[in-house]
1. Take the cross-link list Lys126/Lys159; Lys77/Lys169; Lys88/Lys126; Lys49/Lys126 and give me the ones stretching past 24 Å between alpha-carbons.
2. Say R0 is 22 Å: what FRET efficiency, to the nearest 0.05, do Tyr196 and Ser103 get from their beta-carbon distance?
3. Largest first and in whole Å, what are the equivalent-ellipsoid semi-axes of segment 54-132 based on the Cα gyration tensor, each being the root of 5 times an eigenvalue?
4. Apply the Karplus curve 6.51 cos²θ - 1.76 cosθ + 1.60, θ = phi - 60°, to the phi angles in segment 57-62 and return the couplings in whole Hz, x for Gly and Pro.
5. Obtain the nm distance between the two label points defined at Asp91 and Ala40 by a simple spin-label model: each point lies 7 Å from its Cα along the Cα-to-C-beta direction.
6. Among Pro98, Gly62, Trp129, which residue has its Cα furthest toward the positive end of the charge dipole of segment 54-211, with +1 on Lys/Arg Cβ and -1 on Asp/Glu Cβ?
7. With θ set to phi - 60° and the Karplus curve 6.51 cos²θ - 1.76 cosθ + 1.60, what are the ³J(HN,Hα) couplings of segment 126-140 in order, to the nearest whole Hz, using x for Gly and Pro?
8. Across all directions of projection, what mean area in square nanometres is found for the Cα convex hull of segment 88-211?
Amino acid sequence: RGQGTAGRLQGHRQLARLMSAFAAFGMIAATIGTAQAMPAPSPLFGAFKAACTGVRSFDGVGAAATGAGWSEITETKADPRVTAIVAKGRDAMRKEAPGASISGQMFRQRFDGRDVYLVTSRIAAKQGWWANGCRAYDLDAPAAPTREAIDSWVGSAPKTVQANGPASKRRWEPWQPGVSLEITYVPRGHPLGASYGIQGLIFVSQSTGGF
C-alpha cells in the first residue's frame with residue numbers, strides 16, 4: 001500500500017512539473033463575475049471548440065477535428081515555429097515521465113488568410129496517470145479579441161489571469177467537465193517570443209486523470 005501511495009504522489013509531482021513547463025507568466029488570481037455566453041469572436045474559436053471540447057475522451061479528438069474542418073498533416077509540412085514548440089513540449093514530457101507513452105496528431109486550417117495549427121497530445125505514464133492536450137496556434141494573429149468578447153464566448157470570466165505587459169493568459173477551470181481552457185496572446189516582438197518561442201493567439205484545452 002505504501003508503495004502505491006508513493007507512486008501516486010510521484011505521479012502528482014511529475015504532472016505538476018510537466019504543466020509548469022508550459023507556464024510563461026506569474027499568476028494573478030481573478031475574482032470577476034460571470035458573463036452571458038455569446039457567439040464566437042471569430043470562426044477559429046468555433047473550430048477550436050468543436051475539436052477540443054471533448055479532449056478528455058482522447059480517442060475521439062482526431063475525428064472531431066476533421067469534422068470541424070481541420071486537415072491532418074505531418075510535422076514536416078507544418079510551420080517550423082510550431083514544430084519547435086511541439087518538440088520542446090515533447091522533450092519536457094519525456095524528461096518528466098521517462099518511459100511514458102506519448103501520442104498525438106497535427107492539423108491545419110486557414111482563417112483570415114493565415115495558417116492555424118491544431119496539435120493533439122496524450123501522455124500516459126507508467127504510474128497510471130495521464131494528460132490529454134488539444135492546442136491551436138495562430139502565431140501570426142495581428143491582435144487578440146477583447147477580454148469581454150472572449151469571456152462572453154466562454155460564458156464566464158476566467159478563474160485566473162496571468163499577465164506580462166501586453167501579453168496575457170486567461171484560464172478557465174473547469175471549461176467543460178474535467179477539462180480546462182487557456183487562451184494566451186503574445187504580441188509580435190514581445191520578449192516572451194524570444195524566450196519561449198511563442199507569439200500570437202494560442203488556445204490550450206487539457207484534461208488529466210488516472211491518479
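The values are calculated or read from the model by the stated rules, or taken from the named source; none is laboratory data. Owing to the predicted nature of the structure, the values given are computational and were not obtained by experimental measurement. Positions of Cβ are backbone-derived with ideal geometry, glycine not excepted, and every protein chain shown enters the neighbour counts. Ligands, DNA and RNA are stripped out before the accessible areas are found, and what is left, the full protein with its side chains, is counted by its heavy atoms. Shrake-Rupley method; radii C 1.70, N 1.55, O 1.52, S 1.80 Å.
1. The pairs that break the limit, which is 24 Å between Cα atoms, are Lys126/Lys159; Lys77/Lys169; Lys49/Lys126.
2. Here the calculated transfer efficiency is 0.40.
3. 24, 16, 8
4. 9, 4, 4, x, 5, x
5. Distance between the two pseudo-spin positions: 3.3 nm.
6. Farthest towards the positive pole: Pro98.
7. 4, 6, x, 7, 9, 9, 10, x, 9, 10, 10, 10, 10, 5, 9
8. The Cα convex hull of segment 88-211, projected and averaged over all directions, gives 8.4 nm².
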